[in-house]
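Engineer: Dropping a structure here in structure tokens format, bear with me for questions.
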Amino acid sequence: MPQVYALKNGYNPYAMATQTATAQPKRKKRTQRQDTPQPCPDPIAASLQQLQSLKLPTGDGDRMESDWHVVSISLLDELVRNYLGAPTHYFCGGNMFLYYSIEQAKEIEEYVEAESVKRKPRFKGPDFFLVKEVDGTKPRDSWVVWEEDGRYPDLVVEFISTSTRKKDVDRNVKFYAKVFRVPEYFWFDRRFGELVGYRLVRGGYERIEPNERGWLWSEVLGAYLGVWVGEYRGRVWSWLRLWDRDGQLVLTREEREARAEARAAEAEAQAQQERAERERLQAELAQLMERLRQQGVVIDEESQP
């Protein structure tokens, strides 16, 4: 009976140690859960965490280009670098992914890594693009807009193939004007010899009129773009080339070296010709002086040249 009474009054001498060790901490834990508010998720922190977790593939695994396509990108990249100088104030990239939104990046990541995804994502990888007023010496696998202070390309060039003509001629004109707001967009189709350029005016594209030579002026580059037929890297095709504002062709490194060698050879040939002419004149002078001596004419040789 004493034990029952003790239990009814909440006192149990046999459970004191247990009550002290277990029951009291449980009450504290319940009180702590009720009194401490749960932290609200921070949308900015969540977005940053989401951005950091994106894998951003650098290739989709199935894009194939023709030989002309690949070499054309390389040629234009070389010409722009030769014309603008060291890339301390610009970046130019070719055939690399351009990420502009989280949703687009997720689509590409899922498409590249999951074979079950059937619908193609919004790939954006211009054949050539230029971004001004950035550090072009910084290595980049892709152009990620949110990692570049929101910078989009200032100029885009697409080299058209049979499979990309509709996209480059129709859809990209709208996309680059409305979404990226690219100041200048050019496309070149060598099969038909077509070169078309657009300039952003009041939120929309207007066609750039060609000059008398068929060249298109680029305000972004400060140069003309035009079609040139000739040999580059052992291939004779129609190429997209640059001319400066004076109409001088912007040369490749190989052309520069060849021109420098030609000028050096020309200078050497000119020097040899001048030496031969001096030697001929000196020989004629010597013969003339000898005839004068034979005729008894006194010649002051110290006054001779």
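Values quoted throughout were computed directly from the atomic coordinates according to the rules given, and no laboratory measurement underlies them. Note that the structure is predicted; figures quoted are calculated from it, not measured. Cβ: placed from backbone, ideal geometry, glycine included. Neighbour counts: every protein chain shown.
Engineer: Can you list the HN-Hα couplings for region 150-157, worked out from phi with the Karplus curve (6.51, -1.76, 1.60; θ = phi - 60°), rounded to whole Hz and with x for Gly and Pro?
Structural biologist: x, 7, 10, x, 8, 8, 10, 10
Engineer: By counting other Cβ atoms within 10 Å of each Cβ, how are L195, L155 ranked from fewest to most? Write out the running numbers ahead of the final one.
Structural biologist: Details: L195 21, L155 24.
With the fewest neighbours first, L195, L155 line up as L195, L155.
Engineer: When the Karplus curve 6.51 cos²θ - 1.76 cosθ + 1.60 is applied with θ = phi - 60°, which whole-Hz ³J(HN,Hα) does each residue of region 236-249 get, with x for Gly and Pro?
Structural biologist: 9, 8, 8, 10, 8, 10, 10, 10, 6, 5, 8, x, 8, 5
Engineer: How do 163-174, 287-298 rank on mean C-beta neighbours within 10 Å, highest first?
Structural biologist: On the way: 163-174: 14.4, 287-298: 9.5.
Peptide ranking by packing, descending: 163-174, 287-298.
Engineer: Go through region 79-90 residue by residue and turn each phi into a ³J(HN,Hα) via Karplus (6.51, -1.76, 1.60, θ = phi - 60°); whole Hz please, and just put x for glycine and proline.
Structural biologist: 5, 4, 5, 5, 7, 8, x, 4, x, 7, 10, 7
Engineer: Looking at A260, Q270, V298, which one has the Cα that reaches farthest to the positive end of the dipole of region 260-300 (charges on Cβ: Lys, Arg +1; Asp, Glu -1)?
Structural biologist: Of the listed residues, the answer is V298.
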